[in-house]
1. Give just the number: which of (1) farther than 29 Å from Q290 by Cα; (2) in a strand (DSSP E or B) does F495 not satisfy?
2. Working only within region 580-595, note down all residues that are closer than 17 Å to A478 by Cβ and assigned to a strand (DSSP E or B).
3. Under 9 Å between Cβ atoms, at least 6 apart or on separate chains: pull out the pairs that start in region 570-581 with a residue that is surrounded by fewer than 20 Cβ atoms within 10 Å (Cβ to Cβ) and end on any residue that is among the acidic types (D, E).
4. Can you pull out the residues in region 112-138 that are of a type in the set (S, T, N, Q) and within 11 Å of L172 (Cβ to Cβ)?
5. With the checklist (1) more than 14 Å from F587 (Cβ to Cβ); (2) aliphatic (A, V, I, L, M); (3) surrounded by 20 or more Cβ atoms within 10 Å (Cβ to Cβ) in hand, flag the one item A544 doesn't pass.
6. Working only within region 545-579, note down all residues that are among the hydroxyl-bearing types (S, T, Y) and not in a loop (DSSP other than H, G, I, E, B).
7. Given A352, A278, A288, which one is at pLDDT below 95, surrounded by 21 or more Cβ atoms within 10 Å (Cβ to Cβ) and small (G, A, S)?
8. Scan G486, G474 and give me the residue that is closer than 30 Å to G500 by Cβ, more than 25 Å from the chain's Cα centre (by Cα) and either assigned by TED's automatic domain parsing to the domain that holds T537 or assigned to a strand (DSSP E or B) (or both).
Amino acid sequence: MTRSSIRPAVLALSLALGAGAAHAAAPAQEFIKGVDISTVQALEDKGITFSDGGKTGDLLAILKAHGVNYVRLRVWNRPTESGGYNDRAKLLKLAPRVKAAGLKLLVDFHYSDFWADPGKQVKPAAWRGLSGMKLQQAVYDYTKDVLTGLKAVNAYPDMVQIGNEINSGMLLPDGAVANFDGLAGLLKAGVKAVRDTTPVGPRTKVMLHLAEGGDNSVFVHFFDQVKARGIDYDVIGLSYYPYWHGTFGQLKANLNDLAKRYGRELVVAETAYPYTLANGDASAGNIAGQEQTDTVGLPASVANQKLVVQTVLNTVASVPGGLGLGAFYWEPAWLPGVGWKTGETNSWENQAMFDFKGAALDSLDAFRFTPSSVGTASPVAVLAPAPVMVAKGATPILPAQVNVLYNEGTIKSMLVQWSAVSTTTPGAATVPGTGAGLPQKAALTVNVTAPVPTQTNLVQNPGFEDDLAHWTLGGTDAGKIDGKAGNAHGGAKAFNYWYGTPFAYTLTQKLTGLKDGTYTLRAWASGVGGDTKAALTAQGAGGAQSTPITNTGWNVWKPYAVENITVTGGTLTIGFDVAALGAIWGFFDDVELVPVAGK
């Protein structure tokens, strides 16, 4: 890349002078109805085409015809794992196409050679030996080089994202949130490169982007520190996937609070929803499946995909003071044939807004939305309650109320009357429900189970549904109960650990009154990985036993077990033993201790 002649000392002075600059409100603009199509070049090189109404056409033209007005493109430093796609050279070829189509452009700097997200913020290989001012200089030079290249091809972006889902920081460990001064220096370097290269005319907006768009505490903690350090930015970006990041109501509350606290513009930078549960390639499964749609209460369908997009757009448009700028749908054109990395399959294709053969779905018309087209708040969907399980012949306990989604993100509970349900035959049945004010019939799945031998789980509060009752957290106070069902293995809650600096803790439960014998301990875990130590443990009179835990990704749940535990004297302490560097995180759920039959 082209290196700037500016020296670190000069850069430091410039950053210090700009830190206290007053934020100027940007002029009003067209409401953003955006899409991220960063994979399109790889798809086109595979010969994949797109069609609308039976006619093959250019993807950008099809999107624009359905109301899309903005495109988001990511850029990686040296992405060898993706075959070079999404690097600077590829961006400089794709960005002019976006501009030529009459669409605005958001460029998303990951500052990594591959995917950057809350659990993975890895320095690009070329920068691994850099720290402090040298790393800030690299951020400035690289950002300036890319933007100068875009300017040269008449495709300078209308908005620039400094980092992608930087909940844990970026360019770790130097830019970890635990070292927020270090992170601030990196962010200021990137922002300065934008300000230094922006052409004369409308001000290019700078976005700072976090995931977990329904969690207000995450955003307040982060942006309070941004404010305290005088970081220059224009837009708060949020990722909001309704099956991971809380309810629409939580998104709405977070957006409204952020607008009031910080007075900055707001954009949902990523959202998506499945239109089918089918799999379009040979992958083992899709990221969003039955479990995820059950969490939201909206079955996978083209109509519900459109409803989710419209609801997100209208929720953002409803932010007070006109600070809601719009939203971007993440990868609506990512079809089977191109994977997460070269040689892998795609597990996102059921969330595209084109079918597996590239034909546009009716859900694309969600982008015909305008902020004035919906009108006053009105109910749009009855969210399906969590499925009810009942033994054959037993009487099920059905919920007395259902949640109703309104078109601007509000969720209200309403009374419901369910039709009679028979439990004489094992299997799943859909039970309809009605009630005054419901916009449509409610639907509840009742799973009737055949009698089977069961083992009593001897762990108290095994799924953390009663918070930390019966559990003891020792060492670093690095854990809390996460109440977002999309992050849990089962039920509505899970134990979540994270700490900004190196930490070590134990989470234990002491069981007494056990019968002497042999037992098996089981639990589920997921997380970013990289723990110095993580183990499922059992400690009794017979000694200590453990099984190592290896986390490999967000919501990649894996079972672990400690077998052949000998209990004598009726007492056993079970739990987890974890140590890690700062910003490492994970989840535990559904702990089970059962006796081994015949032992």
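The values are calculated or read from the model by the stated rules, or taken from the named source; none is laboratory data. The shown structure was predicted, so the numbers you read here are calculated from the model rather than taken from an experiment. So basically every Cβ, Gly included, is an ideal-geometry build from the backbone, and we count neighbours across all protein chains shown.
1. That leaves (1) as the condition not met.
2. Taking region 580-595 as the starting set, the residues that turn out to be closer than 17 Å to A478 by Cβ are 580-589.
Correct list: A580, W585, G586, F587, F588, D589.
3. Note: pairs meeting the criteria are G570/D516; A579/D531; L581/D531.
4. Step one: of region 112-138, the residues of a type in the set (S, T, N, Q) are 112, 121, 131, 136-137.
S112, Q121, listed by residue number.
5. Result: A544 fails condition (3) only.
6. Scanning region 545-579 gives S546, T547, Y560, T566, T573.
7. On the way: A352 fails: at pLDDT below 95; A278 fails: surrounded by 21 or more Cβ atoms within 10 Å (Cβ to Cβ).
It is A288.
8. On the way: G486 fails: more than 25 Å from the chain's Cα centre (by Cα).
Checking each option against the conditions leaves just G474.
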